[in-house]
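Trainee: This is the structure I want to talk about, given as structure tokens.
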Amino acid sequence: MLLYHGSNVVVEKPEIRVPNRNLDFGMGFYTTTNIEQAQSFSEIVFNRRGGKKVISIYEFDNESAMNTLGVKVFEKANNEWFDFVCDKRMGRYEGEEYDIIIGPVANDTVYLTFIGFLAGATSREDAIKQLKVRDLYNQVTFCTDDSLTYLKYMGVL
């Protein structure tokens, strides 16, 4: 399976880095199967930090990873996904830790959506609809150094 990582630099050797904010699936190296999404993210990072718009490409040995590592897959934006993302984004997740997490991307209004939900102004169903970006937008997040060994750098777009 090919995965893409949008950035402002070439990333030949992915690393797990502590983010400057809480992300959908917590700390990890974020990739996607969607080139358009990777391009969009490289644009965002370029605008924030300069450099150049780069999409690094990786071959992911997903079959071996699924059989060897702790992998959590969210097939769609549902209640379980919502609770997980909410807890990760709010910095209060205390559940099972995974090597790899795969699932939908939450949009950038995530904090406002969670605040509305937690305050009772937005229903769970409406909050999930508001958070879901697009059906094709997904993320494959590598959360441990062991998980990164299943990625092979292939080059850049």
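The values are calculated or read from the model by the stated rules, or taken from the named source; none is laboratory data. These numbers were taken from a predicted model, which means no experiment stands behind them. Note that each Cβ is placed from the backbone with ideal geometry, even for glycine, and that neighbours are counted across all protein chains shown. Side chains included, ligands, DNA and RNA excluded: accessible areas come from the protein's heavy atoms. Shrake-Rupley method; radii C 1.70, N 1.55, O 1.52, S 1.80 Å.
Trainee: Is the range 66-157 best put as rounded, prolate or oblate by its Cα gyration tensor, with a ≥ b ≥ c the root eigenvalues, rounded for a/c under 1.5, and otherwise prolate when a/b is larger than b/c, oblate when not? Provide the component values of the computation, followed by the final result.
Mentor: Values: a/c = 2.45, a/b = 1.77, b/c = 1.39.
Prolate, since a/c reaches 1.5 and a/b exceeds b/c.
Trainee: Can you give me the angle between helix 79-89 and the longest principal axis of the chain, using Cα atoms only, in degrees from 0 to 90, rounded to the nearest 10?
Mentor: 70
Trainee: What nm distance separates the two modelled labels at residue 129 and residue 112, each placed 7 Å from Cα along Cα→Cβ?
Mentor: So the two model labels end up 1.7 nm from each other.
Trainee: Follow-up. How much length is gained if the chain between residue 43 and residue 27 is pulled fully straight, taking 0.36 nm per residue apart and subtracting their Cα-Cα distance, in nm to one decimal?
Mentor: 3.6 nm
Trainee: Continuing with this model, one more query. Rounded to the nearest 0.05, what FRET efficiency do residue 67 and residue 16 give with R0 = 22 Å and r taken as the Cβ-Cβ distance? Could you check? Could the numbers behind the result be given before it?
Mentor: Numbers: r = 22 Å, r/R0 = 0.98.
Computed FRET efficiency for residue 67 and residue 16: 0.55.
Trainee: Sticking with this structure for a sec: Simple spin-label model, 7 Å along Cα-to-Cβ: residue 80 to residue 149 in nm?
Mentor: It is 2.8 nm.
Trainee: In addition: Report in % the part of the accessible area of the chain that belongs to carbon and sulfur, leaving out ligands and nucleic acids; probe 1.4 Å. Numbers along the way, then the final one.
Mentor: Values: 4300 of 8740 Å².
On the chain, the fraction of accessible area on carbon and sulfur atoms equals 49 percent.
Trainee: Using alpha carbons only, what's the Rg to Rh ratio of the chain with Rh from Kirkwood? Display every interim value, and only then the final one.
Mentor: Details: Rg = 15.5 Å, Rh = 16.1 Å.
Checking Rg against Rh, the ratio lands at 0.96.
Trainee: For the full complex of protein chains and a 1.4 angstrom probe, list 61, 87 by accessible area with the highest value first.
Mentor: Working: 61 70, 87 45 Å².
Solvent-accessible surface, decreasing: 61, 87.
Trainee: Rounded to the nearest 10 degrees, what's the angle between the helix 35-49 long axis and the longest principal axis of the chain, both from Cα atoms, 0 to 90?
Mentor: So the helix axis and the longest Cα principal axis differ by about 90 degrees.
Trainee: Classify the range 25-64 from the C-alpha gyration tensor, please: rounded if a/c falls under 1.5, else prolate or oblate depending on whether a/b exceeds b/c.
Mentor: Details: a/c = 2.45, a/b = 1.79, b/c = 1.37.
It is prolate, given that a/c is not under 1.5 and a/b is the larger ratio.
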